[in-house]
Structures are given as C-alpha cells and as structure tokens.
1. Checking the conditions here, which among 94, 119, 84, 110 is modelled with pLDDT of 95 or more and closer than 20 Å to residue 172 by Cα?
2. Give me a count of the residues in the stretch 55-90 that are surrounded by fewer than 17 Cβ atoms within 10 Å (Cβ to Cβ) and part of a loop (DSSP other than H, G, I, E, B).
3. Just to verify a result, which residue in the stretch 91-117, among those that are buried (at least 17 other Cβ atoms within 10 Å of the Cβ) and of a type in the set (Ser, Thr, Tyr), is farthest from residue 77 (Cα to Cα)?
4. Considering only residues that are part of a loop (DSSP other than H, G, I, E, B) and of a type in the set (A, V, I, L, M), look in the stretch 91-117 and name the one that is nearest to residue 142 (Cα to Cα).
5. Only residues in the stretch 200-226 that are assigned by TED's automatic domain parsing to the domain that holds residue 189 count as the first member; pair them with residues that are loosely packed, with under 11 Cβ neighbours inside 10 Å and in a helix (DSSP H, G or I), Cβ under 9 angstrom, at least 6 apart or cross-chain, and list the lot.
6. Which ranges mark the helices (runs of 4 or more DSSP H) fully within the stretch 151-225 that have 3 or more residues being more than 22 Å from the chain's Cα centre (by Cα) and of a type in the set (A, V, I, L, M, F, W, C)?
7. Answer yes or no: is there a residue in the stretch 128-135 that is among the hydroxyl-bearing types (Ser, Thr, Tyr), over 25 Å from residue 94 (Cα atoms) and touching a residue at least 12 places away in the same chain (Cβ under 8 Å).
8. Could you tell me how many of the residues in the stretch 118-141 are surrounded by fewer than 16 Cβ atoms within 10 Å (Cβ to Cβ) and either assigned to a helix (DSSP H, G or I) or of a type in the set (Gly, Ala, Ser) (or both)?
Amino acid sequence: MDCRLYRKSIILLVFWCLVPSMIWGQTSWRDSLASLNRAIALSPRSTDLRLKKAAVNIELGQWDYAVDEYGRVLDIDPDCLAALYFRAYAHTHLRHLDMARNDYERFLSLAPRHFEARLGLAMVKRQLGRQQETLDELNLLVQQHPDSALAYAARAGYETEIKQYETALFDWDEALQRRPKSADFVVSKVDILLSMNRNDEAWAELEAAMKRGIPRASLKDWIDRCK
C-alpha cells in the first residue's frame, strides 16, 4: 500500500492529553511512571491513573505492560472506550492481531461511528489478509464519513494495493475534491496512471495540481516520470 497514505492514515496517539500537567515537568517518562505507580498504590481502582500509566508505558515502548494496564482498567470498567481503543493499538504494535480486532470491534459496538477505530479495524483486517472484510470496513468508513477526504484516501490506498485501479482512481478523485491541495493525494493518483501507461492523463493531473497552487517542487519526481 502507498506508504504516503499510511503515514497520513496512521492514528496519532496524543498521550500528553492523558498526563496531568504536574507530570509534564518531571525529568523523564520513567520519573512520571514512578509517580503514577505510587499514586496507583494509594488508589488502585482509579481508572484515570491507570490510563495515564498505560500511556506512559506506551511512550516508553513497554507495550506488554500497557496491554496489562488497559486490561486492569477494563476489569474495573468493561465499557471504557479509551482502554479498548488504546489496548487495540498496543495489540496491533505487538502483532496480536486477533486481540486487536476484538478490542476494535468491542469499541465500535459502543461507538459505531468512531472514525479512527473503524480505520484501525480495517487496517488490522488488512494485516490479517481478509480482503473483503477490509473493503467492507473501508466502505462503511466512507458511508459514515462522506465528507472525509481521508476516508476516501484510505479506501483508495487499499484498492491500489489489491490492484483495483479504476475504483482507486475514482476514490482519489473524491479525496481530491475534498482536499484539492494535497500533494500526497495527487501523486498517489498519478502513480496509478503511470503504472497503467496513461502518461498523458498523469501529466494533465499534475498540471491541474500546479494550477491549484501545489508547488511544482513537491511534484518534481512525478513530472520527471511523465517526460
């Protein structure tokens, strides 16, 4: 799959929002972890503290510890969306794909229109090699978020990977209608056209992109390929 798309599609986890301002001033994440462990010893059923600890575990690359901590949160609150979502992320990192799928599916049973969780589930199913199920999730993502350029781009990227080029071109057009100045979207579409030896169309796409204000320098490699 086009790596540009997945750099854009990857769910960016903003752990800072889970860590209180008092911890930001600590000299290291390990100091933060020690502080949280002491606080949890005093309040072992505090899901807020455990979520913060798990976030620090992930920041330190302690994926197994994070999974365990999110599990403790879910033992206290089985419907905790934050724990389900981030445990799915940690499971994906560990390549525990079936467990990640289960967490995303549980999350979506509680919040079925959540964009990032739906996209995360689609990517897990992609890694599991379940082509039709991946397409089903991406189709639902587009249906639920018809104004989202990223939804169309995610589906287009996967369609490109499985060589459904005509449908991918349609979806790149839809993505570009919603985000016309995305150089990444333009070159992803141009890549397909060039692979199909439709160089004139590729050049026309690049010309149109430059007229929309996309810098020529960001398209240079693809311009050179059209010559």
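The values are calculated or read from the model by the stated rules, or taken from the named source; none is laboratory data. Every value quoted in this text rests on a predicted model; they were computed, and no experiment measured them. All Cβ positions, even for glycine, are placed from backbone atoms using ideal geometry, and neighbour counts span all protein chains on display.
1. Working: 94 fails: closer than 20 Å to residue 172 by Cα; 84 fails: closer than 20 Å to residue 172 by Cα; 110 fails: closer than 20 Å to residue 172 by Cα.
Criteria check complete, one pass: 119.
2. 5
3. 92
4. First, pick out the residues of the stretch 91-117 that are part of a loop (DSSP other than H, G, I, E, B): 94-96, 111-114.
Of the ones still in play, those that are also of a type in the set (A, V, I, L, M) are 94, 111.
Working: 94: 28, 111: 16 Å.
The qualifying residue nearest to residue 142 (Cα to Cα) is 111.
5. 206/216; 210/216; 223/216; 226/200
6. Passing ranges, in order: 183-195, 199-211.
7. Within the stretch 128-135, the subset among the hydroxyl-bearing types (Ser, Thr, Tyr) is 134.
Remaining after also requiring over 25 Å from residue 94 (Cα atoms): none.
The answer is no; no qualifying residue exists.
8. The total comes to 6.
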